[in-house]
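The values are calculated or read from the model by the stated rules, or taken from the named source; none is laboratory data. As the structure is a prediction and not an experimental result, all values here were calculated from the model. Positions of Cβ are generated from backbone atoms using ideal geometry, with glycine treated the same way; all protein chains shown enter the neighbour counts. We work out accessible area using only protein heavy atoms, side chains counted, and drop any ligands, DNA or RNA first. Shrake-Rupley method; radii C 1.70, N 1.55, O 1.52, S 1.80 Å.
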Amino acid sequence: MPTAIDVFEKARTHERIEQLRVAREADLLPYFRPLNSAAGPVVEMEGAERIMLGSNNYLGLTGDPRVIQGARDALERYGTGMTGSRFLNGTIDLHLDLEREIAEWMGSEEALVFTTGHQANVGTLGTLLGPGDTVIADSGDHASILDGCLLSRAKLRPFRHGRLDLLEKALRRGVEDGGGVLVVVDGVFSMEGDIAPLPQIVELCRAHGARLMVDEAHAAGVLGARAAGSCELFGVEDRVDLRMGTFSKSLASCGGFIAGPHDVIDFLRVQSRAFMFTAAAVPAAVGAALAALRIIRSDEGPALCAKVLDNARYLNRGLHELGFHVVQPLELPDGTSAVTAIVPVVVGDDWKAVMLWRALYDASVYVNVALHPAVPPAGALLRTSVMATHDRATLDLALERFAAVKRAFEAEHGPLPQ
Ligand SMILES: Cc1ncc(COP(=O)(O)O)c(C=O)c1O
């Protein structure tokens, strides 16, 4: 007898589908908006110039002539694609150079380059962990971390975002579970832009004998004197076991890496399915990432990082002064504040966030909208982010437009959270 259940049924009845339909009909869909130019401070989108406050091109290197040349040289030399896995016919000297330079940058024994950052997380967590192990993850961790945890079939013990008391509880339970224990956190959380309190997390992991992995996707190329990320910022690099990163943000390309001890990296090299059973990153992507990394590690790197963080501070203060509820930078014990390139504006209600996005878009400012599950339920936010290449005039213009949009929006829909 044939099955009565059509697996396609959910594609017609899922609540997201209804939301998508309504958003499309009202032209309120904040996603999949086509870009007609490079991801610079001002972009061309759907026939208009718009201020780009929704890109992860933090250092503005996607348009840097040296990075473009790096991609071009790799393309000329190796052609358009690898057509195979790193494992078989997809490793070129650029992959190896990049791995060596990332390991140096991270101060780790070795690094392994994956085709995307998502695969780096899935391919690391899904391989190192197994049934019988316990993985403890912050509820704000990136989806690719969760995917890797689920794939591994380890016991997942999530703890509420940033709650170290709950992390400690999970660690105690994790030890009782009886297997190996790994804690995995984002160094900088991708939506709220806040920084994980790594010194305390390191201590808790040590006290319970747990390994620690930090996702540096939004921190590498932004934080720390060498721009090596949140572990460097806090001076805990030597006490964090594994560090993951992506090339799709500051490194101006596409791809990802995991950095750590030689034995673990070698194990992943021959065991990680997300590494072995997919095509290697295309030469142009590797050439661009390598060129970007060399700029970040040159004398120019610190100035670029200072610029993006300065811009973030400026936008954060400006939006705060306009009365928006902006997530504030973390206060460090030395009295300074640790800002990141991400400046989130909390809205709360999903539809209000979408309508505010549309009003800003119409005012030629492009930002990202983060809705559940990217953020907690009723925690919708406009995720703005800056680049080192934004100038003050552009940020001032964006702030003017935010002010005008807020006035009109609140007159019609009531006050936004402060
Ligand atoms: C925190 C975090 N980790 C991992 C990833 C995945 O990286 P990629 O874009 O290279 O797949 C992202 C990308 O959005 C991210 O924000």
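Values as computed for the structure displayed
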| read-out | value |
| --- | --- |
| Only listed residue being at pLDDT below 95, part of a loop (DSSP other than H, G, I, E, B) and open to solvent by less than 90 Å² (accessible area, probe 1.4 Å), chosen from A38, A23 | A38 |
| Every residue from the range 196-206 that is in contact (Cβ under 8 Å) with a residue 12 or more places away in the chain and open to solvent by 10 Å² or more (accessible area, probe 1.4 Å) | P197, P199, Q200, L204, R206 |
| Condition broken by E176, with the remaining ones in (1) more than 24 Å from L304 (Cα to Cα); (2) away from the ligand (no atom under 16 Å from the Cβ); (3) open to solvent by less than 50 Å² (accessible area, probe 1.4 Å) satisfied | (3) |
| The range 400-418 residues that are at pLDDT below 95 and loosely packed, with under 11 Cβ neighbours inside 10 Å, paired with ones that are small (G, A, S) and not in a helix (DSSP H, G or I) (beta carbon under 6 Å, 6 or more apart) | Q418/G323 |
| The range 132-147: number of residues that are in contact with a strand residue (DSSP E or B) (Cβ under 7 Å, 6 or more places away or on another chain), in a loop (DSSP other than H, G, I, E, B) and away from the ligand (no atom under 15 Å from the Cβ) | 0 |
| Residue within the range 6-25 that is touching a Lys or Arg at 6+ places or on another chain (Cβ under 9 Å), under 29 Å from V188 (Cβ atoms) and not aliphatic (A, V, I, L, M) present | no |
| Scope the range 83-116; condition within 16 Å of the ligand (Cβ to nearest atom) and part of a loop (DSSP other than H, G, I, E, B); matching residues | R86, T115, T116 |
| Residue ID - nearest to L20 (Cα to Cα), chosen from residues in the range 41-56 that are part of a strand (DSSP E or B) and open to solvent by less than 70 Å² (accessible area, probe 1.4 Å) | M45 |
| Residue match in the range 159-166 (condition: over 30 Å from M387 (Cβ atoms), in contact with a helix residue (DSSP H, G or I) (Cβ under 6 Å, 6 or more places away or on another chain), more than 16 Å from the ligand (Cβ to nearest atom) and touching a residue at least 24 places away in the same chain (Cβ under 8 Å)) | yes |
